[in-house]
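A short worksheet on the structure shown next.
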Amino acid sequence: MQSGIPIEITGLSKHFGQVVAVDDLTFTVHPGRVTGFLGPNGAGKTTTLRVLLGLVHPSAGTATFGGTPYAALPRPLETVGAALDANFHPGRTARDHLKVYATATGLSKARVPVVLEQVGMTEFADRRVGGYSLGMRQRLALAYTLLGDPGVFVLDEPINGLDPEGIKWIRGFLQNLAHEGRTVLVSSHLLSEVQQSVDEVIIISKGRLVKSGTLVSLELDAAPRTIADSPDREALSAALDEAGLEYTEGRNGFIVNEPDPGRVGHAAFLGGVELNTLHRLKSGLEESFLSLVGGGEQ
Amino acid sequence: MSFLRAIASEFQKVFTTRMWWLLALLLAGYVALMSGGFGAFLGWASENPDAAASAGGGTAIPPGLDIAPLVYSFATSIGYVFPVLLGALAVTGEFRHKTLTPTFLAEPHRTTVLTAKFLSQLAMGAGLGVIAFAVSVGTGAAALAGFGLDTGLDDPDTWALIGRGVLAMALWGAIGVGLGALVPNQVAAIVIVIAFTQFVEPILRFTASLNEVTANIGKFLPGAASDALVGASFYNIASLGAAAALEWWQGGVVLLGIAVVATFIGAATTWRGDVS
């Protein structure tokens, strides 16, 4: 196994004609943890990754692996494993697909059955890719990234199209890679999709960085709230007003801007109101994410 | 070293999909039909010169015509479209199936990849040439021998023609790579190959042959250059003699030039662009 190298994006911009896809983006991805690269569709995630991998020319700035651009890596597949879009020649089998690229980069063909086994594709290896499901294509794309046993992984939407079992599998897979000290960058347009697998997040919107830090720091940004409901909503409303708590009325009750359910319960008690729901609202992370990228999607 | 790996990888790409043997099969069938059929027709015509002259109008065999090379050269005169297609598909297929991404991740030096395609398709073209001549000589010689005509197989000139024909097919494969790099859209590339080889160029060659000035330009058309390289083609009788033709080596230089220039322009334009 190769050691993890940081991914360094510095002042990166990319224009397609008038359209600004990536706008002065700077961030670093460190080895030893899984980093989620998040943003709504069209935020510039894929463009950033393609520039990083030397497939798209940047308009300004640099994207390197520990200071070396992808094209200058002496042994690229043994340094970086990348899965961008699960596209293959439909008439080629999975085994042949991997052999073609093992040959191109001078890796032993003995790696092919090893990586097929790692992603659980041995059984389907001699079928033509044209007949594969999206989930199988995703696994084959991952097998390609594993060919050179690299220290850095760059995966674009790897969870997209996986069934629940596949999602569970890939979470463990990503965590293992990070625990082995590798750098793992995983993009997604859904925070909920990756929040159980990532340690750090980099969030972009409209090509610009809006947040970078640990998942915990994102959680802190989102103040937890309390949900409370009563058979007598008018009375509850009056009791909350009396206690000076801010709230909005939702379908399942009142969402109160108060992290401690105890204080909401106390307010109801003082007002003599019966409660049938009282608990902390846990959707804060996703809401925090949406407020950060708000307006990213038209 | 990375260059040899790139070439090996390109050969694997060709042989792990079905297109190469589909094209080889079509080529063999087409050439067998034309060489065998034309050989048999010429054999019959030489036995019944009067009937042939009245039935076929102007198709009576000109006196002194060397029949065998004509029959064998169907391998290139009609077969050259197949290596062009295979070469073009080797490039356009990467765009169409978006396999440029894994290809350029494994070998970020794009020129290396394109050069490897050029050389591997040169070899694939030569391979298709060997198949085409095996079929044209096999069926053609059988037909000629059946009518007691000279097969020319004991003549070293015949074998020299076959050798030049295989070289022509190899160069056509490389031209296909150049075309694919210029026109990455697979459907457009296929339409261009078929339209140019089957309609545009034959018409241009015929029209050009009507006038001495244009004939001197027309001889540089790729198909005409290819026929000059091989040294025989049914076009030469169709256009009555081919007064203007290049030397065989000049024909080869023209084909190589087209292949190299097209590939260079492609390398500097589509091949360098953003891969998305």
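Where a number appears in this text, it was derived from the coordinates with a stated rule and is not lab data. Just so you know, these numbers come straight off a predicted model, no measurement behind them. Quick reminder, even Gly has a Cβ in these numbers, built from the backbone with ideal geometry, and neighbours come from all protein chains shown.
Only beta bridges with both residues in chain A are counted; by DSSP, about 65 percent of them are antiparallel. Label-to-label distance, A:D149 versus A:V114, with points set 7 angstrom from Cα along the beta-carbon direction: 0.4 nm. Full extension of the chain segment joining B:V253 with B:L33 gains 76.2 nm, where the gain is 0.36 nm per residue of separation less the Cα-Cα distance.
The HN-Hα couplings worked out from phi for the range A:101-117 by the Karplus form 6.51 cos²θ - 1.76 cosθ + 1.60 (θ = phi - 60°) are 7, 5, 4, 4, 9, x, 8, 5, 5, 5, 5, 4, x, 5, 6, 4, 5 Hz, whole numbers, x standing for Gly and Pro.
Which values of log₁₀ I(q)/I(0), to two decimal places, follow from the Debye formula for the range A:7-220 at q = 0.10, 0.15 Å⁻¹ with a uniform point scatterer at every Cα? Per q value, in the given order, log10 I(q)/I(0) is -0.42, -0.96. Sites listed here are trypsin sites (Lys or Arg not before Pro) in the range A:1-47 whose DSSP assignment is loop and whose Cβ has at most 10 other Cβ atoms within 10 Å, and the list is empty.
Loop-resident chymotrypsin sites (Phe, Trp or Tyr not before Pro) (DSSP state other than H, G, I, E or B) in the range A:236-277 with no more than 11 further Cβ atoms inside 10 Å of their Cβ are absent. Across the range B:84-92, computed HN-Hα scalar couplings (Karplus, 6.51 cos²θ - 1.76 cosθ + 1.60, θ = phi - 60°) run 4, 4, 4, x, 5, 5, 4, 8, 5 Hz from first to last residue, x flagging Gly and Pro. Here the 3J(HN,Hα) profile of the range B:18-30, calculated from phi with Karplus coefficients 6.51, -1.76 and 1.60 at θ = phi - 60°, is 8, 4, 5, 7, 4, 5, 4, 5, 4, 4, 4, x, 5 Hz, Gly and Pro shown as x.
In this label model, B:R18 and A:E180 are separated by 3.7 nm, measuring between points 7 Å along each Cα→Cβ vector. Summed over all non-identical Cα pairs, the Kirkwood treatment of the range B:68-157 gives a radius of 15.5 Å.
Each Cα pair under 8 Å and six or more residues apart adds its separation to the average, and for chain A the resulting relative contact order is 22 percent. Under a 5 Å amide H cut-off, with hydrogens placed 1.01 Å from N, A:Y247 pairs with A:N257 among residues at least 5 apart or on other chains.
Plainly put, the range A:70-115 has a radius of gyration that is 0.97 times its Kirkwood radius, both from alpha-carbon atoms, as the Rg/Rh ratio. Per-residue ellipticity at 222 nm from helix content only, as computed over the protein assembly as shown with -39500 (n - 2.57) for each DSSP H run of at least four residues, stands at -16500 deg cm²/dmol. Shown for the protein assembly as shown: lysine pairs separated by 8 or more places, or found on different chains, whose C-alpha atoms are under 13 Å apart, numbering 6.
Give me the number: length gained by fully extending A:E219 to A:Q18, i.e. 0.36 nm times residue separation minus the C-alpha to C-alpha distance, one decimal in nm.
68.8 nm is the gain from fully extending A:E219 to A:Q18.
For A:F254, the amide hydrogen comes within under 5 Å of the amide hydrogens of A:A228, A:D229, counting only partners 5 or more places away or on other chains and with H modelled in the peptide plane.
For the protein assembly as shown, the gyration tensor built on C-alpha atoms gives a prolate shape. Its axis ratio a/c (a ≥ b ≥ c) is at least 1.5, and a/b is the larger of a/b and b/c.
Where in the range A:129-171 are there trypsin sites (Lys or Arg not before Pro) that are in a DSSP coil and have at most 16 other Cβ atoms within 10 angstrom of their Cβ? Passing sites in the range A:129-171 do not exist. Projecting the Cα atoms of A:G244, A:H266, A:T277 onto the charge dipole of the range A:225-281, computed from C-beta unit charges around the Cα centre, puts A:T277 farthest toward the positive end.
The Cα-based radius of gyration and maximum Cα-Cα distance (Dmax) for the range B:142-276 are 17.5, 62 Å. Counting only Cα atoms, chain B measures 67, 40, 31 Å along its principal axes, largest extent leading. Ratio of Rg to Rh for the range A:225-281: 0.89 [Cα atoms; Kirkwood radius as inverse mean 1/r over pairs]. If you run the Gaussian network model on chain B, springs between alpha carbon atoms under 10 Å, then out of B:G251, B:G93, B:G79 the most flexible one is B:G93.
Here the Gaussian network model covers chain B, with springs between Cα atoms less than 10 Å apart; of B:Y80, B:Y72, B:Y30, B:Y30 fluctuates the most.
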